[in-house]
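Below is one structure, written out as structure tokens, with a few remarks after it.
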Amino acid sequence: MADPISAPILVAGAGPAGLIAALGFAEAGFPVILAGPEANDADGRTTALMNPALKMLDRLGLLDALRPAAAPLKIMRIVDATSRLIRSPTVTFRASEINEEQFGLNMPNRALTARLAEAVAAHPAIDWRKSLVRDWEPAPERVKARLTSGDQVSALLAVAADGRLSPAREAVRIPVSRRDYPQAALVLNFGHSRDHSNISTEFHTETGPFTQVPLPGRHSSLVWVVRPETAEQLSALGDTELSNRVEARMQSMLGRVTVEDGRQVYPLAAATPLRFGKDRIALVGEAAHVFPPIGAQGLNLGIRDIDDLVEIASRNREDPGGARALAAYDLKRRPDILARSGAVNLLNMSLLSDMLLAQMARSAGLGILGSFAPLRGFFMREGLRPGSGFQALGSGLRSKHRQ
Ligand SMILES: Cc1cc2nc3c(=O)[nH]c(=O)nc-3n(C[C@H](O)[C@H](O)[C@H](O)COP(=O)(O)OP(=O)(O)OC[C@H]3O[C@@H](n4cnc5c(N)ncnc54)[C@H](O)[C@@H]3O)c2cc1C
């Protein structure tokens with residue numbers, strides 16, 4: 001049998017997280033083997049990436065190529081569209097309130113993965129093997145993987161970017177706490193007759209959020225969370241009927257709606273592993289966290305996983321997958337991942353809940369946010385970058401003391 005191909009870093013999975021991880025490690029000076037087939041371009045979703053994630057793409061030299069396909073998000077609104085006894089006031093978040101020009105950019109996944117794949121293919125430090133990992137053999141000195149092509153790979157650190165079912169995570173037996181929601185997201189893009197003015201609106205309904213996010217020109221993307229059977233029914237409607245339903249849900253705020261080709265339905269689930277690294281395997285992206293698409297958090301969190309992992313590996317260059325590096329990674333990621341997953345799951349459950357107490361808590365929370373600018377500012381900063389809300393609060397208090 002041929003000798004294994006060896007590198008310090010093996011990235012498993014060539015979805016957005018895997019591609020960004022491969023580029024991040026290569027740019028930090030690590031030779032990388034990337035194992036995984038190219039993402040198919042049937043993914044019609046769009047991804048809203050916030051400014052800190054965009055900074056990472058900029059460092060990788062990709063942001064300028066992505067801008068033409070993307071629309072800035074300047075204002076984000078939450079509208080309570082439930083018909084419940086207790087309803088929340090509309091809350092509006094403006095990037096200008098925290099001195100940012102935009103919260104981020106919304107871009108088609110197809111454009112994002114195509115640009116990332118081009119950059120990976122052109123990078124001299126990345127050896128991209130376009131086949132799946134068939135089996136894993138974690139060992140104390142190096143982790144080994146056998147690919148479906150028959151190649152064997154060995155590395156000091158394996159980055160599991162192999163999605164929500166993560167065979168790498170399974171191989172090292174990390175337990176996962178899972179929940180399937182009685183919800184599915186209908187995803188589509190649509191044209192509209194009025195300008196969106198770079199505003200994204202999230203309507204909260206009894207079955208989940210209905211979220212419109214701007215795309216370039218008079219186009220937007222939609223993530224409509226409903227019961228699984230309703231998602232299938234909506235998806236089977238003719239274009240005119242579905243366009244009318246979307247327009248009615250938005251109370252015609254963007255004028256006439258015309259749905260575009262390509263509808264997809266995604267079942268919603270949550271999954272949180274008990275730990276984020278073990279036996280030379282570190283989890284990133286959906287291998288490390290799955291939750292409903294509320295508030296555009298998933299890939300933003302995945303990019304923070306990668307940023308932290310590259311930084312910790314760079315500090316432990318002699319053994320980036322050793323026990324010390326993996327323990328540091330677990331410690332660093334745990335608060336961010338648990339806080340984001342917890343907040344999104346709680347908000348989703350409070351929408352589904354018929355309990356008055358849950359509705360009151362959600363309504364009171366959004367009410368305070370709507371009427372109290374400093375708290376809104378805190379949440380906007382924390383939403384962009386964990387810790388930055390606290391930093392701004394601290395510097396505000398310090399300057400008050402000096403006065
Ligand atoms: C409707 C919807 C809307 C969303 N909107 C946003 C948003 O606006 N903003 C945001 O930040 N996030 C959003 N998300 C979340 C975001 O889409 C995910 O976080 C992101 O796609 C996860 O990327 P990933 O690379 O971790 O996983 P995936 O995209 O699932 O990639 C995993 C890859 O691993 C590969 N793989 C699997 N097994 C193996 C193996 N054995 N060997 C090698 N490769 C393997 C697969 O082929 C796949 O290519 C949204 C999610 C949904 C469902």
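Using a cutoff of 8 angstrom between alpha carbon atoms and counting only pairs six or more residues apart, the relative contact order for region 204-324 works out to 15 percent. Taking max minus min of the alpha-carbon positions on each principal axis, region 165-251 gives extents of 52, 28, 22 Å, largest first. Karplus-derived 3J(HN,Hα) values for region 207-223, using 6.51 cos²θ - 1.76 cosθ + 1.60 with θ = phi - 60°, are 9, x, x, 10, 10, 9, 10, x, 10, x, x, 8, 9, 9, 9, 9, 10 Hz; glycine and proline are entered as x.
In this calculation the C-beta distance from E206 to R67 is compared with R0 = 35 Å, giving a FRET efficiency of 0.40. Summarising the label geometry, the points placed 7 Å from Cα in the beta-carbon direction at E241 and E100 lie 4.1 nm from one another. Checking the cross-link pairs K74/K130; K130/K332; K55/K332 against a 29 Å limit on the alpha carbon distance flags K74/K130; K130/K332 as lying beyond it. Each peptide in 324-330, 295-301 gets a packing score, the mean of other Cβ atoms within 10 Å over its residues, and the list from highest to lowest is 295-301, 324-330. One decimal place: the segment A339-D195 gains 48.3 nm when fully extended, by the rule 0.36 nm per residue minus the C-alpha distance. Among the GluC sites (Glu not before Pro) within region 64-161, those in coil by DSSP and having at most 16 neighbouring Cβ atoms inside 10 Å are E100, E101, E141. Ranking of K55, K74 by neighbouring Cβ atoms within 10 Å, starting from the fewest: K55, K74. Using the Cβ of V259 as centre and a radius below 13 Å, the other residues enclosed give a net charge of -1, where K and R count +1 and D and E count -1. Per-residue packing, averaged as other Cβ atoms within 10 Å, sorts the ranges 215-222, 316-323 into the order 215-222, 316-323, beginning with the highest. Highest mean packing comes first when the peptides 17-25, 60-68 are listed by Cβ atoms within 10 Å, giving 17-25, 60-68.
The HN-Hα couplings worked out from phi for region 57-73 by the Karplus form 6.51 cos²θ - 1.76 cosθ + 1.60 (θ = phi - 60°) are 5, 5, 4, 7, x, 10, 5, 4, 5, 8, 3, x, 8, 10, 10, x, 9 Hz, whole numbers, x standing for Gly and Pro. Each of V153, V32 was scored by other Cβ atoms within 10 Å of its Cβ. Listed from fewest to most, they are V153, V32.
Placing pseudo-labels 7 Å out from each Cα toward the beta carbon at Q233 and D319 gives an inter-label distance of 5.9 nm.
Whole-Hz Karplus values for region 262-270 come out as x, 9, 9, 10, 10, x, 9, 8, 10 Hz, taken residue by residue from phi with 6.51 cos²θ - 1.76 cosθ + 1.60 and θ = phi - 60°; glycine and proline positions read x.
For Y181, the residues whose modelled amide H falls within less than 5 Å of its own, excluding neighbours fewer than 5 places apart on the same chain, are L268, A269, A270.
Only the coordinates and a few stated rules stand behind these numbers; no lab work does. Source: prediction; values computed, not measured. So basically every Cβ, Gly included, is an ideal-geometry build from the backbone, and we count neighbours across all protein chains shown.
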